[in-house]
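Peer 1: Take this structure first; my questions come after.
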Amino acid sequence: MISGGSTDGDSNRARKARGRRVCLEVDGRRQNEPIISFGPEDLREVSLPHNDALVIQARVANYDVLRVFVDNGSSINVIFKEALVQMDLHEYPLESVETALFGFAGHVVYPEGEITLPLTLGSGNLRKTVMTVFTVVDAPSSYNIILGRPAMNEMRAVASTYHQKIKFPIRGQVGEVKGDQPSSRKCYGETVRVDQKRVRREDRGKVAQEVREIEEKEVNFVAEDEQVLVEVEPGKSIRVARDLEDSTRVKLLSCLKTNIFVFAWSQQELMGISPKVAEHKLNIIPGSRPVKQKKRHSGPEKNKIIEEQVKEMLKAGHIREVQFPTWLSNVVLVPKATGKWRMCVNFRDHNKACPKYCYPLPRIDQLVDSTSGFELLNFMDAYQGYHQIPMAREDQDKASFITSEGTFCYVVDDAPECPGSGP
């Protein structure tokens with residue numbers, strides 16, 4: 001159902017005035033119009049049973065237009081801008097429209113304007129032409145035109161979706177237009193696919209926004225000026241909240257000192273894991289064509305950040321220089337909630353060439369419920385934790401990336417550096 005537009009007035013005052021007006025005019029000419037009816041003969045060539053919408057072909061401004069959707073639930077006649085462009089009518093001046101359009105679920109669309117065009121239905125001697133006002137909408141659609149109640153009333157037409165036909169009076173006779181069922185079904189399938197993709201994009205956008213909000217909240221749990229620096233061992237210090245209770249602080253520091261060997265204070269201290277225990281492999285689908293992305297240029301400031309992070313990883317042995325990689329990707333700097341930058345690698349081409357993992361992820365609600373009954377919660381940032389898992393030797397050159405300093409490949413798994421983009 002579409003409502004809004006200039007039908008019944010383009011302002012609240014005009015619509016109220018129309019609602020108060022009583023029409024007493026009688027058109028004597030219409031008393032002699034033929035009776036319009038539908039019978040079994042109208043079901044010839046109709047594929048039954050069906051639930052198809054009524055989609056027809058019409059002639060608009062001397063153009064034969066396919067995919068014209070007949071919609072008795074629309075208060076306006078719509079012509080989509082893409083169709084107007086194909087008809088070479090997009091440069092014609094449009095009359096402005098103040099009232100927005102509203103869909104069944106409350107979606108709001110602001111029209112480009114209105115245009116008056118001749119609309120012709122029927123064929124041969126039973127053709128009928130009326131000047132019709134179309135509202136121009138710039139939005140994706142499987143249809144070219146939507147014929148709403150204004151056009152149907154102007155034509156004095158009667159539509160039957162069951163009989164897949166429109167009938168209208170013309171010079172004492174009845175003209176008709178048959179529906180196109182194959183086109184109707186194709187349009188419906190395209191509309192559903194487009195809407196599903198739009199919903200998925202909106203859902204992904206909402207999830208990304210929620211993640212950003214959570215990250216912002218996490219870094220603001222305790223402000224830096226409300227923290228105090230505590231030395232756990234000579235040269236190794238951590239920050240704890242200034243208002244932390246003394247008993248809790250003693251227990252926390254005691255736990256850290258007892259398990260000090262678990263933590264790495266620099267990349268060089270990461271001991272790594274034996275390949276016998278764990279090894280990361282890229283399961284590239286056989287026959288996949290290697291992709292070498294074209295070098296993406298970054299600004300001087302970003303190049304400096306990338307250079308520093310590359311030097312740190314080279315020093316730690318997480319990457320090595322490579323000369324003839326089979327795959328090549330660009331690096332991307334992603335801003336962190338702390339104001340710093342994280343260097344990621346665009347591995348989208350690898351994702352397309354690798355089979356999807358089917359490992360079941362844990363349910364968030366179950367994880368939250370499992371914390372019930374505990375007084376303290378510990379949030380650990382496993383920064384570069386995957387850098388301890390070695391990359392299979394035969395796959396190292398596939399995880400290559402290019403920078404202004406040269407071409408490098410990962411010796412260890414780089415999953416945490418590339419959230420959402422790793423193969």
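The values are calculated or read from the model by the stated rules, or taken from the named source; none is laboratory data. The shown structure was predicted, so the numbers you read here are calculated from the model rather than taken from an experiment. Here Cβ is always computed from backbone atoms with ideal geometry, including for glycine, and neighbour counts include all displayed protein chains. Ligands, DNA and RNA are excluded from the accessible area calculation, which covers all protein heavy atoms including side chains. Shrake-Rupley method; radii C 1.70, N 1.55, O 1.52, S 1.80 Å.
Peer 1: Give me the number: length gained by fully extending residue 125 to residue 337, i.e. 0.36 nm times residue separation minus the C-alpha to C-alpha distance, one decimal in nm. Could you put the intermediate results ahead of the total?
Peer 2: Details: separation 212, 0.36 × 212 = 76.32 nm, distance 7.13 nm.
Computed gain between residue 125 and residue 337 is 69.2 nm.
Peer 1: Same structure again: Using a Cα-Cα cut-off of under 22 Å, which lysines could be cross-linked to residue 251, ignoring same-chain neighbours fewer than 8 residues away?
Peer 2: 236
Peer 1: Using a 1.4 Å probe over the heavy atoms of the protein chains, calculate the carbon and sulfur portion of the accessible area of region 74-157 as a whole percent.
Peer 2: After summing per-atom areas, the C and S share lands at 49 percent.
Peer 1: Please give the FRET efficiency for residue 160 paired with residue 291, using the beta carbon to beta carbon distance and R0 = 60 Å, rounded to the nearest 0.05. Walk me through the numbers before you get to the answer.
Peer 2: On the way: r = 54 Å, r/R0 = 0.90.
Calculated transfer efficiency: 0.65.
Peer 1: Cross-link candidates for residue 352: which lysines have Cα within less than 19 Å, leaving aside residues fewer than 8 places away along the same chain?
Peer 2: The qualifying lysines are 197, 281, 292, 294, 398.
Peer 1: To continue, here is another question. Measuring from label point to label point, each 7 Å out along Cα→Cβ, what is the residue 227 to residue 407 span in nm?
Peer 2: According to this spin-label approximation, the distance is 4.0 nm.
Peer 1: Work out, step by step, the length gained on full extension between residue 50 and residue 247: first 0.36 nm times the residue separation, then minus their alpha carbon distance; give nm to one decimal.
Peer 2: 63.5 nm
Peer 1: Another question, if that's okay. For region 225-360, what are the per-bin percents of Cα-Cα distances with bins 5 Å wide, up to the bin holding the maximum?
Peer 2: Answer for region 225-360: a P(r) of 2, 7, 11, 13, 14, 15, 13, 9, 8, 5, 2, 1, 0 percent.
Peer 1: Relative to the present Cα-Cα distance, how much length would full extension add between residue 376 and residue 321 at 0.36 nm per residue of separation? Could the numbers behind the result be given before it?
Peer 2: Numbers: separation 55, 0.36 × 55 = 19.80 nm, distance 4.46 nm.
This chain segment gains 15.3 nm when fully extended.
Peer 1: Go through region 125-185 and name the trypsin sites (Lys or Arg not before Pro) that are in a DSSP coil and have 16 or fewer other Cβ atoms within 10 Å of their Cβ. Kindly include the intermediate steps, with their values, before the conclusion.
Peer 2: Values: sites: 127, 128, 156, 165, 167, 171, 178, 185; in loops: 127, 156, 171.
Hits after loop and neighbour filter: 127, 156, 171.
Peer 1: Turning to a different aspect of this structure: Would you please put 405-411, 287-293 in order of how densely packed they are, using the mean number of other Cβ atoms within 10 angstrom per residue and starting with the highest?
Peer 2: By packing density, highest mean first, the sequence is 405-411, 287-293.
Peer 1: OK, next. For region 62-160, which chymotrypsin sites (Phe, Trp or Tyr not before Pro) are in a loop by DSSP, counting at most 13 other Cβ atoms within 10 Å?
Peer 2: Details: sites: 63, 69, 80, 102, 104, 134, 143; in loops: 104, 143.
Answer by residue number: 104.
Peer 1: Follow-up. Return the FRET efficiency for the residue pair residue 33, residue 81: r is the Cβ-Cβ distance, R0 is 41 Å, and the value is rounded to the nearest 0.05.
Peer 2: For R0 = 41 Å, the calculated efficiency reads 0.70.
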